[in-house]
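Just below is one structure, and these are the notes that go with it.
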Amino acid sequence: MNMVIQAVKWVGKTDGFLELIDQRKLPQKMATLKCRDVETVVGAIKTLAVRGAPAIGVAAAYGALLGVQKINGKEKAEKVIPVLKKSCEYLGLSRPTAANLFWALQRIKRTGEQFVAENPDANAEQLRKAILNEANAIYSEDVEMCRRIGRNGEKFIKDGMGILTHCNAGALATAGQGTALSVLFEAHKKGKKFRVYVDETRPLLQGARLTAWELKQAGIETILICDNMAGWLMKQRKINAVVTGADRIAANGDVANKIGTYGLSILAARHKIPFYVAAPSSTFDLSISSGKLIPIEQREPDEVTTIAKIRIAPTGISVCNPAFDVTQARDITAIITEKGVIERPNADKIIRNLKG
């Protein structure tokens with residue numbers, strides 16, 4: 001990429017703050033949001049100032065540290081644990097679908113509890129250092145996972161191909177260079193020549209605002225399309241593969257991703273076009289047997305009735321606004337993880353990959 005995009009960044013030591021790229025203002029303006037308390041982090045996640053399952057998980061890990069930052073450093077560490085748990089619970093209410101959010105918060109809670117169990121005489125400041133170390137580890141692991149996903153998936157990108165991607169699964173959605181876009185970035189680094197069709201991704205236009213911006217920064221040929229154009233382009237063979245990210249993957253390989261992904265999977269199957277999902281192992285939720293059990297976030301009506309604060313629908317109209325849908329495993333050619341590629345995913349293949 002021609003510029004470094006750092007969607008989530010911790011500044012300072014245990015008394016520092018979380019800095020986010022405010023994605024609500026892109027592409028018109030590159031602005032940052034400084035979070036100095038857990039409430040600001042929750043608000044940033046809810047309003048999509050920070051978004052993308054991996055980035056949400058990293059932001060929440062640092063948010064948990066902010067939740068215990070004001071406790072006197074000389075206080076006993078064990079007295080901090082209830083506050084840490086409360087902060088994690090609050091952060092967990094910000095968005096219900098993304099698995100990485102709950103995965104990261106569980107890691108932070110477990111780190112705190114283990115530290116106190118192993119260091120009964122430790123103080124609050126020592127515990128905060130342990131929490132910051134774990135949050136930094138989550139960040140660093142995500143950067144490496146993104147890189148490996150790209151390297152594992154770039155082989156599917158061939159010269160001359162047209163690739164469709166939906167929503168944003170790039171650097172803005174992770175701590176690293178992305179998941180779905182990482183595949184494209186790595187292929188581009190190898191000198192492969194291809195074009196990317198970017199769905200605008202209604203209602204919040206993450207494709208048009210964010211993905212098109214990232215790909216342009218990287219110097220990759222990019223063609224923006226409306227969401228309802230994909231099927232026709234597939235029929236004309238201008239689109240040869242689909243690559244998306246994921247917000248939660250069930251044990252059987254069903255994938256929850258931005259609303260509109262399910263429809264693309266059906267179109268791809270109809271036109272015999274490979275459909276790839278790129279996601280880190282932290283996005284898998286083996287406690288959920290199938291996509292039918294994945295909670296789907298319902299968002300506010302004004303996201304649909306307005307664009308850029310301009311009303312486009314009649315006042316008082318009823319609105320349905322699910323943020324995600326579920327693509328069945330049978331319609332997925334492969335899931336690309338940092339551990340390898342799961343072709344025609346099912347429960348057994350997923351377990352073998354995650355153990356690898």
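The values are calculated or read from the model by the stated rules, or taken from the named source; none is laboratory data. What you see is a predicted model, and the numbers here were worked out from it, not measured in a lab. With ideal geometry, Cβ positions are generated from the backbone for all residues, glycine too; neighbour counts draw on all protein chains shown.
Summed over the range 162-191, the residues that are touching a strand residue (DSSP E or B) at 6+ places or on another chain (Cβ under 6 Å) and either more than 25 Å from residue 263 (Cα to Cα) or part of a loop (DSSP other than H, G, I, E, B) (or both) give a count of 5.
Does residue 105 count as of a type in the set (A, V, I, L, M, F, W, C), in contact with a Cys (Cβ under 9 Å, 6 or more places away or on another chain) and within 27 Å of residue 353 (Cα to Cα)? Judged against the criteria, residue 105 is a match. Per this entry, residue 308 is not counted among residues that are hydrophobic (A, V, I, L, M, F, W, C), outside the structural domain of residue 53 (by TED's automatic domain parsing) and either touching a His at 6+ places or on another chain (Cβ under 8 Å) or touching a residue at least 60 places away in the same chain (Cβ under 8 Å) (or both). Checked against (1) outside the structural domain of residue 280 (by TED's automatic domain parsing); (2) farther than 21 Å from residue 64 by Cα, residue 188 passes all but condition (1). In this structure, does residue 71 turn out to be more than 26 Å from residue 48 (Cβ to Cβ) and assigned by TED's automatic domain parsing to the domain that holds residue 137? For residue 71, the condition - more than 26 Å from residue 48 (Cβ to Cβ) and assigned by TED's automatic domain parsing to the domain that holds residue 137 - is met. Just one of the listed residues (249, 220) is more than 21 Å from the chain's Cα centre (by Cα) and closer than 30 Å to residue 162 by Cβ, namely 220. Set side by side, the residues 18, 48 differ, and just one is within 28 Å of residue 216 (Cβ to Cβ), outside any strand (DSSP E or B) and touching a residue at least 12 places away in the same chain (Cβ under 8 Å), which is 48. Exactly one residue among 202, 209 is in contact (Cβ under 8 Å) with a residue 12 or more places away in the chain, basic (Lys, Arg) and either under 28 Å from residue 18 (Cβ atoms) or assigned by TED's automatic domain parsing to the domain that holds residue 29 (or both), and that residue is 209.
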